[in-house]
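Below are the structure tokens for one structure; questions will follow.
The values are calculated or read from the model by the stated rules, or taken from the named source; none is laboratory data. Since we're looking at a predicted model, the values are computed, not measured. Here the Cβ is made from the backbone with ideal geometry for all residues, glycine too, and neighbour counts use every protein chain on show. Heads up: the accessible areas ignore ligands, DNA and RNA and are worked out on the full protein's heavy atoms, side chains in. Shrake-Rupley method; radii C 1.70, N 1.55, O 1.52, S 1.80 Å.
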Amino acid sequence: MAQEKSMSKSRATADVLSYIGLVVLSIIWVSPIIILIIQSFTNSGNSRILGTKFTLDNYIKLFSKEEVEFHYGKWYLNTFIVAIICCIISTFFVLSVSYTMSRLRFKMRKSFMNIALILGMFPGFMSMIAIYHILKQVKLTGTLTGLVVAYTAGAGLGFYIAKGFFDTIPKAIDEAAWIDGATKWQVFTQITVPLSKPIIVYTILTSFNAAWVDFILVSYLQGDKVDKYTIAYGLYKMVDMQHITTYYNRFCAGSILVAIPLTILFICMQKFYAEGLSGAVKG
Amino acid sequence: MDDNNLQQTSSGAYKIDYEADNIFSIIKQIFEHGDLFTKLSFLIMGLSNLVRGQIVKGLIFLCSEITFFWFMFTSGFSNIANFITLGDKEPTTVIGSDGFERKIPGDKSLPMLLFGVVTFAIIVGFVILWKGNVKSAYLAQYDVERGKRPKSIIRDIKDLFDVNLHKTMLFLPLIGIIALTVSPLIFSIVIAFTNFNKSDHNGEMTLIDWVGFKNFGNVLGMSEKWGNSFWKVLLWTMAWAVFATFTTYIGGMLLAMLINRKGIKYKSIFRTMFVISVAVPQFVTLLLIAKLFAVNGPINTLLMEAGVLDEALPFFTQASWARVMVVIINVWVGVPYSMLIMTGILMNIPADLYESAKIDGANNKVMFFKITLPYMIFVTTPNLISSFIGNVNNFNVIYLLTGGAPDNPDLYYAGDTDLLVTWLYKLTKDQGLYGEASAIGILIFIISATFALVTYRRSGAYKNEEEFQ
């Protein structure tokens, strides 16, 4: 009896300690985001956490017409357009390739998958300068079209997750449809696609997200064409050495405006990713 | 084109085994058994199809052959010649008859290199098309010999949505991949064997030359400063990858166990707190944290005003500080992700394992070391390896936090926290040293490919792909 009591007592202390630990850790993990929110509403500058007064100026200035160097509103629009077009094209590419790799059997299939794997192991930065020169030859550098082309062209290589999903759809369904006289195209559009909603949504969300967070390719392709930047590179530029003192709080405000939709997107992505991984036909 | 409909017949038509033999033997068989038109189709593409009534198909082949040779004679051959020499005319200035200086531009090596690569790609594409032409020429002959009508164009198009669906579905994605993934890659690999670098050419980037393996030699140590830089950066990259991988792995495991402890309430609230921190896009949080810890940033100011410090802490400005800081901040970035993965795995450990252990009198400590830990390590090993490779190439964390700083004057444009990939980025973007940068890129590829191939080949997912379906 006494032993049990001491057990439960030590259990209770462990519980309390765990709670304290979790609360402290949560604070550590959330604090940068709280700081970001606070700083977006103050005039703190880049060397203080709290400013002297609450203000909405940072948000208003982002969209002010007098601003000559940083066109936040324009960037937001650029990114939105690029992201929409990219997610349509990329999703189409990813679905075609992953379905082909999962369901259709042809001679080069295995080699294609191995080549895709090898291509993925080259560091992306290595070929970016070449992409720049290729797009320059066709006069697409410094344009949004060029950015869309660069983002979507290689999308077909990212087929692994969607292929894994298609693999879980029982082949018997396809075979039954073939026996009934359906062509492979009909099987894809009328049977596979309706069964694949989670993975399609996941693919759409990830390719939409990719255009918002990339700043590397933009830095190669857009050079000093400030009004063709997308949001991530623009925000990066706002806090470089020359601009940080003036733009720091505006950077925080701008970040908040991007972070809100992207955070929601991320949480949706999590849900569809989990659904996608658990397969199409639940056992 | 369609191999599946072939049947052995008694009419004497010879059936070619398309699946088993290699491509040369298929072509040899076609040549041996083809009639005059089929043999002529080796030279005049589409002839056999045209003769046997497949007008559209034949014309497509014929037109593409004409276009190809027109291209080759107008520019293709000169592109290849230029690719080999990479141009030899230096830009010069002459004084014209009117007394003014006139610049005569020299050869431009870079477009020559690029067009050379594109020309080779077009040749490869043509060879593939030619192969298709030969096959289709024989197939038309074969159908006629068996007394069948060769396939109409409508049937061909229908097939593209059925037995040949893979060709239709891969067509556009493949063009994209070849145009903007494969050819840039080949272009960069080729650049690794040239002396292409902006600084030597006054920013004009006109004439460049083949230099063989000199860039690789330089980077690997023939040239002292380059070699020194490469090995130092490589060493730090490996150290970083090891620390970054294991800290987030262990951190994530501990956090997952803490949250999933029996008796902890509000599990989902705690989990959400951590997930929110990673849901905010990385470039935002990393830039913010970098600015918070800057020398004149809020944290230093706060500590100094509170009287804790006399002078600012060199968070990102001193080598050892910066290295520890990036690893710590990476824990902040990476732990929530690994916590999510670990939580999933923890939930999947069969509960009866613990129950039977309890009956055998095991305490919590024993159960952790004998059940939980071995299970987690077993399940997460592939994950561990892929996150190791991910960390070798972890551009965002390093570039956004320190940008490689503090700069190290002993190294070639590299700082003390630079990884190979961030160094590569700086060399191309800021310094224009493309030759050496491409050589480094190839070396990074060799490193990650070795790691990945060894582990991937051994994984069940690769070996048993078909069995799983």
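Filter the range B:196-236 down to the residues that are of a type in the set (Val, Ile, Thr) and assigned to a helix (DSSP H, G or I), then identify the one that is modelled with the highest pLDDT. Give the steps one after another, and end with the answer.
Keep residues of the range B:196-236 that are of a type in the set (Val, Ile, Thr), which gives B:206, B:208, B:211, B:219, B:233.
So of that shortlist, the ones also assigned to a helix (DSSP H, G or I) come out as B:219, B:233.
Numbers: B:Val219: 86, B:Val233: 93.
Selected residue: B:Val233.
Could I ask something else about it? Considering only the range B:197-208, I want to know if a residue exists there that is surrounded by 19 or more Cβ atoms within 10 Å (Cβ to Cβ) and hydroxyl-bearing (Ser, Thr, Tyr).
Checked against the condition, which is being surrounded by 19 or more Cβ atoms within 10 Å (Cβ to Cβ) and hydroxyl-bearing (Ser, Thr, Tyr), the range B:197-208 yields no hits at all.
Conditions: (1) part of a helix (DSSP H, G or I); (2) over 21 Å from B:Val421 (Cα atoms); (3) within 7 Å of another protein chain (Cβ to nearest Cβ). B:Val284 meets all but one. Number of the miss?
Only one criterion is unmet by B:Val284, namely (2).
Quick check on the range A:188-205. Is at least one of its residues surrounded by 19 or more Cβ atoms within 10 Å (Cβ to Cβ), facing chain B (nearest Cβ under 10 Å) and touching a Phe, Trp or Tyr at 6+ places or on another chain (Cβ under 7 Å)?
Looking for residues that are surrounded by 19 or more Cβ atoms within 10 Å (Cβ to Cβ), facing chain B (nearest Cβ under 10 Å) and touching a Phe, Trp or Tyr at 6+ places or on another chain (Cβ under 7 Å), one finds at least one in the range A:188-205, hence yes.
What pairs come out if I take residues in the range B:296-308 that are within 14 Å of A:Gly45 (Cβ to Cβ) and in the same structural domain as B:Met325 (by TED's automatic domain parsing) and pair them with residues that are open to solvent by less than 80 Å² (accessible area, probe 1.4 Å) and β-branched (Val, Ile, Thr) whose C-beta lies under 8 Å away, six or more apart or interchain?
Between residues of the range B:296-308 that are within 14 Å of A:Gly45 (Cβ to Cβ) and in the same structural domain as B:Met325 (by TED's automatic domain parsing) and residues that are open to solvent by less than 80 Å² (accessible area, probe 1.4 Å) and β-branched (Val, Ile, Thr), the close pairs are B:Pro298/A:Ile35; B:Pro298/A:Ile49; B:Leu302/A:Ile49.
Further, regarding this structure: List every residue pair whose Cβ atoms lie under 9 Å apart, where the two residues are 6 or more positions apart in sequence or sit on different chains, the first residue falls within the range A:9-30 and is within 14 Å of B:Met257 (Cα to Cα), and the second residue, located anywhere, is open to solvent by 30 Å² or more (accessible area, probe 1.4 Å) and charged (D, E, K, R).
A:Ala14/B:Arg261; A:Asp15/B:Arg261; A:Ser18/B:Arg261; A:Tyr19/B:Lys265
On the basis of being part of a helix (DSSP H, G or I), at pLDDT 85 or above and more than 7 Å from chain A (Cβ to nearest Cβ), does B:Ala290 make the cut?
Numbers: part of a helix (DSSP H, G or I): yes; at pLDDT 85 or above: yes; more than 7 Å from chain A (Cβ to nearest Cβ): yes.
Yes: the conditions hold for B:Ala290.
From the list B:Phe83, B:Phe71, exactly one residue is free of Cβ contacts under 8 Å to residues at least 60 places away in the same chain and surrounded by fewer than 18 Cβ atoms within 10 Å (Cβ to Cβ). Which is it?
Values: B:Phe83 fails: surrounded by fewer than 18 Cβ atoms within 10 Å (Cβ to Cβ).
Answer to the check: B:Phe71.
For the range A:232-257, what are the residues that are among the charged types (D, E, K, R) and in contact (Cβ under 8 Å) with a residue 24 or more places away in the chain? Outline the logic, then answer.
If we filter the range A:232-257 for residues that are among the charged types (D, E, K, R), which is where we start, we get A:237, A:240, A:250.
Selection gives A:Lys237, A:Arg250.
Listed residues A:Asp224, A:Asp240; which is outside any helix (DSSP H, G or I), away from chain B (no Cβ under 11 Å), open to solvent by 10 Å² or more (accessible area, probe 1.4 Å) and of a type in the set (Asp, Glu)? Spell out how you get there, then give the answer.
On the way: A:Asp240 fails: away from chain B (no Cβ under 11 Å).
A:Asp224 is the lone residue from the list that is outside any helix (DSSP H, G or I), away from chain B (no Cβ under 11 Å), open to solvent by 10 Å² or more (accessible area, probe 1.4 Å) and of a type in the set (Asp, Glu).
Also, quick follow-up: Taking the condition of being out of contact with any Leu (no Cβ under 7 Å at 6 or more places or on another chain) and within 7 Å of another protein chain (Cβ to nearest Cβ), how many residues in the range B:293-304 meet it? Break it down stepwise before answering.
Kept after step one, since they are out of contact with any Leu (no Cβ under 7 Å at 6 or more places or on another chain), are these residues of the range B:293-304: B:293-297, B:301-302, B:304.
With the extra rule that they be within 7 Å of another protein chain (Cβ to nearest Cβ), the set shrinks to B:296-297, B:301-302.
Matching residues across the range B:293-304 total 4.
Could you look through the range A:112-159, keep only residues that are within 7 Å of chain B (Cβ to nearest Cβ) and in a loop (DSSP other than H, G, I, E, B), and pick out the one that is nearest to the chain's Cα centre (by Cα)?
Checking each candidate, the answer is A:Gly154.
Restricting the search to the range A:36-54, which residues are hydrophobic (A, V, I, L, M, F, W, C) and more than 7 Å from every other protein chain (Cβ to nearest Cβ)? Working first, answer last.
Applying the first criterion (hydrophobic (A, V, I, L, M, F, W, C)) to the range A:36-54 yields A:36-38, A:41, A:49-50, A:54.
Hits for the range A:36-54 are A:Ile37, A:Ile38, A:Phe41, A:Leu50, A:Phe54.
Kindly provide the set of residues from the range B:305-324 that are within 14 Å of another protein chain (Cβ to nearest Cβ) and assigned to a helix (DSSP H, G or I), ordered by number.
Correct list: B:Glu305 only.
Among B:Val211, B:Val278, B:Val219, B:Val233, which is surrounded by 15 or more Cβ atoms within 10 Å (Cβ to Cβ), under 26 Å from the mean Cα position of the chain (by Cα) and over 23 Å from B:Thr428 (Cα atoms)? Break it down into steps so the answer makes sense when it comes.
Working: B:Val211 fails: over 23 Å from B:Thr428 (Cα atoms); B:Val219 fails: over 23 Å from B:Thr428 (Cα atoms); B:Val233 fails: over 23 Å from B:Thr428 (Cα atoms).
After applying the criteria, what remains is B:Val278.
Moving to a separate point now. Look through the range B:37-85, keep the residues that are under 30 Å from B:Leu207 (Cα atoms) and of a type in the set (A, V, I, L, M), and return whichever of them is modelled with the lowest pLDDT.
Keep residues of the range B:37-85 that are under 30 Å from B:Leu207 (Cα atoms), which gives B:68-85.
Those still in the list that are of a type in the set (A, V, I, L, M) too: B:72, B:80-81, B:84.
Working: B:Met72: 94, B:Ile80: 91, B:Ala81: 90, B:Ile84: 87.
So the residue we want is B:Ile84.
Quick check on my filter: what residues within the range B:310-323 are surrounded by 14 or more Cβ atoms within 10 Å (Cβ to Cβ) and in contact with a helix residue (DSSP H, G or I) (Cβ under 9 Å, 6 or more places away or on another chain)?
Matches in the range B:310-323: B:Ala312, B:Leu313, B:Pro314, B:Phe315, B:Phe316, B:Ala322, B:Arg323.
What's the number of the only condition in (1) open to solvent by less than 40 Å² (accessible area, probe 1.4 Å); (2) at the interface with chain B (Cβ under 8 Å from one of its Cβ atoms) that A:Ile267 fails to meet?
Result: A:Ile267 passes all but (1).
Take the residues in the range A:45-63 that are in contact with a helix residue (DSSP H, G or I) (Cβ under 9 Å, 6 or more places away or on another chain) and hydroxyl-bearing (Ser, Thr, Tyr), then tell me which one is least open to solvent (accessible area, probe 1.4 Å).
A:Thr55
Which count do you get for residues in the range B:412-425 that are open to solvent by 10 Å² or more (accessible area, probe 1.4 Å) and either of a type in the set (Val, Ile, Thr) or at pLDDT below 90 (or both)?
2
Which pairs have Cβ atoms under 8 Å, sit 6 or more apart or on different chains, and link a residue in the range A:47-69 that is more than 28 Å from B:Val295 (Cα to Cα) to one that is in a helix (DSSP H, G or I) and open to solvent by less than 80 Å² (accessible area, probe 1.4 Å)?
The qualifying pairs are A:Phe63/A:Tyr72; A:Phe63/A:Gly73.
Continuing with the same structure: Working only within the range B:356-373, note down all residues that are of a type outside the set (Val, Ile, Thr), surrounded by 10 or more Cβ atoms within 10 Å (Cβ to Cβ) and assigned to a helix (DSSP H, G or I). I'd like the intermediate steps shown before the answer.
Let us first name the residues in the range B:356-373 that are of a type outside the set (Val, Ile, Thr), namely B:356-358, B:360-365, B:367-370, B:373.
Narrowing the set further to residues that are surrounded by 10 or more Cβ atoms within 10 Å (Cβ to Cβ) leaves B:356-358, B:362, B:364, B:367-370, B:373.
Scanning the range B:356-373 gives B:Ser356, B:Ala357, B:Lys358, B:Asn364, B:Met367, B:Phe368, B:Phe369, B:Lys370, B:Leu373.
Can you tell me which residues in the range A:72-111 are within 22 Å of A:Thr189 (Cα to Cα), more than 13 Å from chain B (Cβ to nearest Cβ) and surrounded by 22 or more Cβ atoms within 10 Å (Cβ to Cβ)?
A:Cys87
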